[in-house]
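FYI, it's all coordinate maths here, none of it is from the lab. All values derive from a computational prediction rather than experimental measurement. Positions of Cβ are backbone-derived with ideal geometry, glycine not excepted, and every protein chain shown enters the neighbour counts.
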Amino acid sequence: MDRSCERMERIRVVIAEQDDTFRKNLKEMLTQSGYLVVGDSGDGMSALKMVRAIQPELVLAEAGLPGMTGLELAHIIEEGRLAAVVLMVDYAEKELVRNHHDRWTFPVLVKPFEEFQLLSVLEYSHMAYTKMVNLEHEVLRLRGDLETRKVVEKAKGILMRVHGLSEGAAFKKMQQQSMKKRTPMKKVAEAVIMAYEISEENIKKKKR
């Protein structure tokens, strides 16, 4: 087995196709190419339940599924970041699907297609989905880092003002507390801010 097949062994796929024979052929094709087909279904609702239960990396869905269309299924999977998805459409459905193309980013494969076309689209879809998810995680991480910096800066200012500490000493004080209590810096900073706000509120009450 070549490297591409070895790489694909870890990629788990769910197939949603109502034609039993075609679904079986797809399963054999993907298995021989190194993919792991972990589930297959002939209708949209069952496919969605399967995807949520198994959590595959890839979903290959036919547009004209009964129960829930493949287009609806693909939208739910993409919006929920459940997996990478490739939508298969008949030539007659191409125009209908094209009218909704501005609402998604998943690739569309028009039947009939060659094996190499399917494999290329699946590989592209998985790579693009992985990159998108990683990018979203990085954005969330950076957003969290920015929020942490804001909270730490505010707490540092309080310590400098209340205790007459230098900027470095105030930061070091929180850092030591973080290490001592094995608590994230953000939590330590939030505790400093909360203690200060409670103290200020008590002072205001006494003045009344």
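Each principal axis of the Cα cloud of segment 50-205 was evaluated for its coordinate range; sorted largest first, these ranges are 75, 35, 28 Å. For the pair Glu72 and Asp43 in one chain, pulling the backbone fully straight at 0.36 nm per residue adds 9.3 nm over the alpha carbon distance. Separation of segment 165-182 from segment 28-63 is 51 Å, based on Cα centroids. Assuming R0 = 35 Å, can you tell me the calculated FRET efficiency for the pair Asp90 and Arg141, based on Cβ-Cβ distance, to the nearest 0.05? So, using R0 = 35 Å, E works out to roughly 0.25.
Panel order for Phe171, Phe113, Phe22, by other beta carbons found within 10 Å of each beta carbon, from fewest to most: Phe113, Phe22, Phe171. Estimated at 0.36 nm per residue, the fully extended path between Val110 and Leu36 surpasses their Cα-Cα distance by 24.3 nm. Ordering Val162, Val86, Val51 by the number of other Cβ atoms within 10 Å of each residue's own Cβ, fewest first, gives Val162, Val86, Val51.
How much length would be gained if the chain were fully extended between Lys154 and Lys207, taking 0.36 nm per residue of separation minus their Cα-Cα distance, in nm to one decimal?
Numbers: separation 53, 0.36 × 53 = 19.08 nm, distance 2.54 nm.
Fully extending the segment from Lys154 to Lys207 adds 16.5 nm.
Per-residue Karplus couplings for segment 43-58, computed as 6.51 cos²θ - 1.76 cosθ + 1.60 with θ equal to phi - 60°, are listed in order as 9, x, 5, 5, 5, 5, 4, 5, 4, 5, 7, 8, 6, x, 8, 9 Hz, Gly and Pro entered as x. Starting from the 7 Å offset along Cα-to-Cβ, what nm value, one decimal, do you get for the label separation of Asn25 and Ile54? Output for this residue pair reads 2.1 nm. For Val110, nonlocal amide neighbours, meaning residues 5 or more places apart or on other chains whose placed amide H falls under 5 Å from its own, are Val89.
Relative contact order for the chain: what is it in percent, counting Cα pairs under 8 Å that are at least 6 residues apart?
13
Between Gln177 and Thr130, the simple spin-label model (points 7 angstrom out along Cα→Cβ) gives 4.3 nm.
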